[in-house]
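Worksheet for the structure shown next.
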Amino acid sequence: MVKVKIWGSLRNAAGGTDQVCIDGRNFKELLDNLKIKYPGLKPQIERGVSLAIDGKIYKESWFIPVNEDSEVVLMPYMIGG
Amino acid sequence: MSKIHINVSINDDNIEYLCNPEDTVLDILRDNLRLTGTKEGCGTGDCGACSIILDDKLVCSCLVLAAEVEGSKIFTIEGMANENELHPLQKKFLEHAALQCGICTPGILIAAKALLEKNSNPTETEVRYWLAGNLCRCTGYDKIIRAVLDAAAEMRS
Amino acid sequence: MRYVKPNSEKEATSILFAERGISKILAGGTDILVQIKSGVIKPDLILDIKNIPGIKSIIKKNEGYEIGAAVSGLEFNNDPELKKFAPGIAEAFDLIGSTQIQGRCTMVGNLCNASPAADTVPALISSNCIAKIIGPSGVRECHINEIPVGPGKISLKKGEFIKSIFIPARPDFSADSYIRFTPRSEMDIAIVSAAVFITIDKDKICKDAKVSLGAVAPTVVTVKNAEELLVGSKLDVNVLSKMAAECSSSCQPIDDKRGTIEFRSHVAGVLAKRAALLAYKRAGEKSE
Amino acid sequence: MTSQGNKTNRQFNVVGTRPVRPDGIDKVTGKALYGADLYSPNMLVGKMLRINEPHALIKSIDTSKAEQLPGVKSVITFKDFLSVDTNKNNDIIENCIANKKVLYDGHAIAAVAAINLNIAEKALKLIEFQLDKLPFVIDIDKAMEKDSPVVQAGRKNENVPNGFSDNVNSFCSFGHGNLEDGFKKAERIVEKSFKTPSVHQGYIEPHACLASMTLDGKADLWCCTQGQYNVRSICADIMGIETSQLRVTASEIGGGFGGKTTVFIEPIALALSLKSGQPVKIVMTREEVFKATGPTVSSLVDIKMGMSKDGLITAAHAIIRYEGGAFPNEIYELGAQSAFAAYDLKAVRSEGFNILTNRPLQAAYRAPGAPQAIFAVESTVDELCQKLNLDPLEVRLKNAAKKGTTASYGPTFDDIGLIATLEAAQEHPHYKSTLGPNQGRGLSCGFWFNFGGNTCVSLNINFDGTVCIVEGNPDIGGSRASISQMAAEELDIPLNKIRTVIADTNSLGHNDVTDGSRVTFAVGLATIKAAKAAKKEMCKRAAKLWNIDEEAVIWKDGHVLPAGANAGIHDPLSLKEIAAISAQTGGPISGHHEVNAEGAGVSFGVHLVDVEVDPETGHTKILRYTVFQDAGKAVHPSYVEGQMQGGSVQGIGWALNEEYIYDQDGKLLNPGFLDYRIPVASDLPMIDPVILEIPNPGHPYGVRGVGETSIVPPLAAICNAVSRATEIRFTELPLSPPKVLSAILKNQ
């Protein structure tokens, strides 16, 4: 299980908590399982999200490995100028 | 409506063209003669990208009618370097990285050339005021000003 | 649209008189080409006056200068004697647009565009300049302030055009100045402006003054009360602050994209004060 | 122009030098071809009919008279896109050409292609249409009210709190800790609202494109864009063709700053071309650029921050409301995430709202969303410092985010350069210099995320030992130079042996847009890896030649040489020598690398500015400006400085004069460079850049993106300077003279 930090406005969709525990060994598995376990997060995940894993922001990269002790933060999908 | 026949010298070449009364020199340079080094940034004289030298005066070619210039001498960016060598201003712009996207560069080079022909030893303030009609959005002007001052110094020596 | 370039005054007036549609005079073109491009005007005739004899000349005459309608800002300011003679007009002319615009713009164009914010108009009015108008019935002269009658509107009649502007002789120990306010240091339109002409006596007391404000009303405002305050004074702080207040209260500006009523009124006084001091200083230098 | 910071151990030969850029001569001689510079045989001119109303229902459009005008070859409206089923790019095409409603002043409803511009313009006037004017809204606060006119119904996301109008389209919040407790610990609390206007990227080159599309669904498009692949994806989807059939070539680009990351005219030109069977060129006027392409979001931000007596920020709360025009966008999220990124905070919350209004759809603008939010935060920090009589730089050092800090947006920071940047500012003579009357000094931190993204690079070793690099990101500020430098560094060959070109969409795999400060980082990374792959192949060829194991050949100093047990038995071979025999040893040699680059590494900057305010006119003059920024490793320091200087000056314009001004009818009053006042040369002093080099662990050479951060700090830095010079706290940009004077007069 990996602890995933959820940003504030998604807390309601994640059962009122700002941190959820999810099975998954990489970016994709985490997001897939998040959608299953917390269907309320699905609209946002489909609009686009990034993951910060140990401080680094990943916009896509399904197979980036995640360890049980990794710091994982769900973030909006990001664009630049 | 019949077209107007015009003879001009452009970069020392004798050129003839036919224009409509409403055509500007910029329109003719770009669309008829394909001298596309002269750029259009606004069409209203506010950005300086279309700067040319017309009978020894720096002007915006978007604000000169093509019909007006019969018998004139026009100088554009395409005439700045000779076959073998860049103009010192062109060299200094490259050396100082005085361009990023480069769209304003032809206009600024033409304007700077006009300045140095009038004043071979301008101050930073004089360069800044002279070039105030040439908008650059990339560089913050710093390196442009340095390049012009450096080119002036080199041309004096 | 037709383009014609007559070779004489007579030819020009007769073409203008005969034109049934909208005609526009072209000298520098820095206003009308912009207006054509943006669709503000759709002229049927463009009459280029640059082939008319004398239209590009600067002529010294009766201790003053006659400036042809096609004389550009660059040409005016390249004449050191002229610049010294009328520094206020020179700085007003020089402030129009960029270096590129300077190569083309003319005082007559600035005047006939009739923008309340025109730079040269307050300076020409303060210096009591006179326009020479060519028309179907001959030549006439009129004061600059009679030409613009409102934003974009001038008093010229059908077939008429301005051939030159005369800057008259100046009394001893007199000088002019022009200061405008723009948010940018260049490439901008005056939000408010002030032109002052001052004549002093040997004791540096102001004998005569003319104060004109731009961009604070539909046409240039001449502030008689301010002029009266200056006359008889040495422009001390008290006089200047009273004069500034007079100027501010004489304004009838508008709120628009370039400025507010509050700003224009207040800064009109500030600029009038600064312009008066500058003209006074210049006049003083002549008396030394 | 100094460099400081920790140096990497690596000694570079080419990286860190300042060579002349490879496209330089083309750009100083007028040869370089930009968007409007291409002409094709049989080309038509396309023009769009734009409506001068902020909000109206389109009752009817009749194009028949325009179609009959001799010389007109095609006329289109939104109906010409109806057969295409695009969900993904619906908003983009509806922004290009209105569907049922005109949504902002300048929104197009039809387009024509004709044999010349005059005829095209005449044809536009022959298009007859009927509109029903609708009530409109352009201001954030009004658009949020329950009874506001609704710009687009049904666009509200599921997470938007109740109580707002339908214009409030999305919501987010970030943060951690207990705000209430934090505020209790504060000595002083400042609570203020801040406002910034819509500003435009202001690139000097108007959008331009030349499109050719045939009935069999094949198309070619030339355009000025920050991303030809993105243009291809969007346009292929809108035109209902496969991406392989649409080749997009990026012209030289005359500035973008984020504004050329999307499309405004390209699908229109393609549709006009398809309908007429001829190539169609569209070049926007400057007025069209201002009215119908992306300005950035305007903002209304409430900040509440508490500070202890000794300068510790005890709690911080931001409510961020961004308006980005008539269509949804995500910039508010970036604002909410970046607002407090520079600080190590125990209790922090930022909430963001996006609001729809009758303004043009925003487009990204350099660090999109960050300047507005950080302006509000950095102004508030400055005011707290004033109220508690604390040094603003000391306070920032005390609270600065560092390695281990939990960022306000969630993750924990790794190595970041903020403290080093602040210390560089503190030690700089600028910070110690004295000020005169009516002068003030302002300081602000800035932050940007920086991105990597999808990148392909192909590196070909020619038979003569020269190298061609093919990459897919438009060069907006000298990236061909920095990419060539990194390749020369990796291959140990002279820079002049390399030429880097930018591929069209069909000559190289997908590359993300030139945005997010990603190119030098991500394309550089892929180039280095492509060079490594080529080197590996060259070692393989030598191994064959020498008949030894591949593993026994290494690359050193630009040569392959035998190593280990075989060391010294063969003379090293240079790249040129291996290249010369590549045909004989197995064929041409190349290296390539494809990656979705991650690990870009966040970026911080600190700006110092001195201003003088004329107390009689409210005019602000910039006296001195110094930029401190971490570049990781500056590959071409001149172009790094250029990014720092250029971003600063855009920020100066934003702070002092730039703004979209609307009249009471919702029409834009200043769609031109005369009244939309970007800074001119005479407004400015030299902009002094100080580059710090704190290597980014995510890049082989330590490179960090530098393009965007520099626009973030100027807003607050200048506002703080003006506020200190006048002793009046300003909270609304721009600090135009009428606004500043009005405050001065009220204060007297």
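Rule-based calculations on the coordinates, nothing more; no lab input. Small disclaimer: the values here were computed from a predicted structure and weren't measured. Every residue, glycine among them, receives a Cβ derived from its backbone with ideal geometry; neighbour counts consider all protein chains shown.
Miscellaneous remarks
- Shown here for the range D:372-436: trypsin sites (Lys or Arg not before Pro) in loop regions (DSSP other than H, G, I, E, B) with at most 16 other Cβ atoms within 10 Å, namely D:Lys402, D:Lys403.
- Ranked list, fewest to most other Cβ atoms within 10 Å of each Cβ, for D:Arg188, D:Arg321: D:Arg188, D:Arg321
- Plainly put, the range D:452-597 has a radius of gyration that is 1.02 times its Kirkwood radius, both from alpha-carbon atoms, as the Rg/Rh ratio.
- Its Cα gyration tensor gives the range D:146-245 an equivalent ellipsoid; the semi-axes, largest first and in whole Å, are 45, 20, 16.
- Rel. contact order, % - alpha carbon contacts under 8 angstrom, at least six apart, chain D: 16 percent
- Relative contact order for chain C, counting Cα pairs under 8 Å that sit 6 or more residues apart, in percent: 16 percent
- Bridging of A:Lys37 to lysines at a Cα separation below 21 Å is possible for A:Lys3, A:Lys5, A:Lys28, once same-chain residues fewer than 8 apart are set aside.
- P(r), alpha carbons of the range D:566-627 - 10 Å bins starting at zero, rounded %: 13, 17, 14, 13, 13, 13, 10, 5, 0
- Charge context of D:Lys125, other residues only, Cβ under 14 angstrom, K/R +1, D/E -1: +1
- Per-selection metrics, the range D:7-74 (Cα): Rg and Dmax in Å: 25.0, 72
- Centre separation in Å (Cα based) which lies between the range B:1-53 and the range C:9-32: 23 Å
- Quotient of the Cα radius of gyration of the range C:11-80 and 2.2 N^0.38 Å, N being its number of residues: 1.32.
- Taking a straight line from the alpha carbon of C:Lys242, these aspartates and glutamates sit under 14 Å away, with near neighbours fewer than eight places off in the same chain left out: C:Glu227, C:Glu228.
- Remark: mean inter-chain Cβ contacts per residue of A:1-14 equal 4, using a 10 Å Cβ-Cβ cutoff to other protein chain atoms.
- Peptide C:177-189 has a mean of 6 when you count, residue by residue, the C-beta atoms of other protein chains within 10 Å of its C-beta.
- Per-residue 3J(HN,Hα) values for the range D:581-586, derived from phi via the Karplus relation 6.51 cos²θ - 1.76 cosθ + 1.60 with θ = phi - 60°, read 10, 5, 4, 7, 9, x Hz in sequence order (x marks Gly and Pro).
- Over the protein assembly as shown: helical MRE at 222 nm, DSSP H runs n ≥ 4 each giving -39500 (n - 2.57), nearest 500: -8500 deg cm²/dmol
- Restricting the range D:357-452 to chymotrypsin sites (Phe, Trp or Tyr not before Pro) in coil, as DSSP defines it, with at most 16 other Cβ within 10 Å: none
- Binned Cα-Cα distance frequencies in chain D - 20 Å width, integer %: 17, 46, 31, 7, 0
- 3J(HN,Hα) from dihedral phi, the range D:618-635, Karplus parametrisation 6.51/-1.76/1.60, rounded to Hz, x for glycine, proline: x, 7, 10, 10, 7, 8, 8, 9, 10, 10, 10, 8, 8, 9, x, 9, 7, 5
- The range D:470-531 versus the range A:59-81: alpha-carbon centroid distance in Å: 25 Å
- Residue-count net charge about D:Asn157 - beta-carbon cut-off 13 Å; Lys, Arg +1, Asp, Glu -1: -1
- Charge dipole (Cα centre; +1 on Lys/Arg Cβ, -1 on Asp/Glu Cβ; no other charges) of the protein assembly as shown amounts to roughly 1020 debye.
- Put simply, the range D:282-400 fits an ellipsoid with semi-axes of 34, 14, 11 Å; these come from the alpha carbon gyration tensor as the roots of five times its eigenvalues, largest first.
- When you work out D = kT/(6 pi eta Rh) for the range B:4-78 at 25 °C and 0.890 mPa s, using the Kirkwood radius from C-alpha pairs as Rh and the Stokes-Einstein form, the result is 206 µm²/s.
- For the pair B:Asp13 and D:Leu669, a Förster radius of 51 Å applied to the C-beta separation gives a FRET efficiency near 0.70, rounded to the nearest 0.05.
- Spacing of the two label points (7 Å from each Cα toward its C-beta) at C:Asp256 and B:Asn119, in nm: 3.1 nm
- Between the range C:41-83 and the range D:396-448, the alpha-carbon center distance in angstrom: 57 Å
- Calculated P(r) of chain C - Cα pairs past 25 Å, %: 45 percent
- In a reduced charge model with +1 at each Lys and Arg Cβ and -1 at each Asp and Glu Cβ, chain C shows a dipole moment near 500 debye about its Cα centre.
- Temperature 25 °C, viscosity 0.890 mPa s: under these conditions the Stokes-Einstein estimate for the range D:201-341, based on its Kirkwood radius over C-alpha pairs, is 140 µm² per second.
- Rg/Rh, computed from the Cα trace of the protein assembly as shown with Rh as the Kirkwood radius, has the value 0.98.
- Kirkwood-based Rg to Rh ratio, the range C:174-287, C-alpha trace: 0.99
- Local net charge near D:Tyr104, Cβ-Cβ under 12 Å (Lys/Arg +1, Asp/Glu -1): +1
- Overall dimensions of the range A:2-76 by Cα: Rg and Dmax, Å: 10.8, 29
- Peptide D:642-648 shows a mean partner chain C-beta count of 5 within 10 Å per residue C-beta.
- Violating pairs (Cα-Cα greater than 20 angstrom) within the set C:Lys204/C:Lys286; D:Lys184/D:Lys387; D:Lys260/D:Lys529; A:Lys59/D:Lys532; C:Lys83/C:Lys281: D:Lys260/D:Lys529; A:Lys59/D:Lys532
- Stokes-Einstein, applied to the Kirkwood radius of the range C:114-226 over Cα pairs at a viscosity of 1.306 mPa s and 10 °C, places its translational diffusion at 105 µm² s⁻¹.
- The loop-placed trypsin sites (Lys or Arg not before Pro) in the range D:87-182, going by DSSP, that have at most 16 neighbouring Cβ atoms within 10 Å of their Cβ come out as D:Lys88, D:Lys100, D:Lys146.
- Partner aspartates and glutamates for C:Lys24 [C-alpha distance under 12 Å; skip if fewer than 8 residues away on the same chain]: C:Asp44, C:Asp48, C:Glu160
- Contact order relative to length of chain B, as percent, for alpha carbon pairs under 8 angstrom and 6 or more apart: 24 percent
- Partnerless cysteines, meaning none of the other Cys C-beta atoms lie under 4.7 Å away, in chain D: D:Cys96, D:Cys172, D:Cys224, D:Cys235, D:Cys385, D:Cys445, D:Cys456, D:Cys468, D:Cys539, D:Cys719
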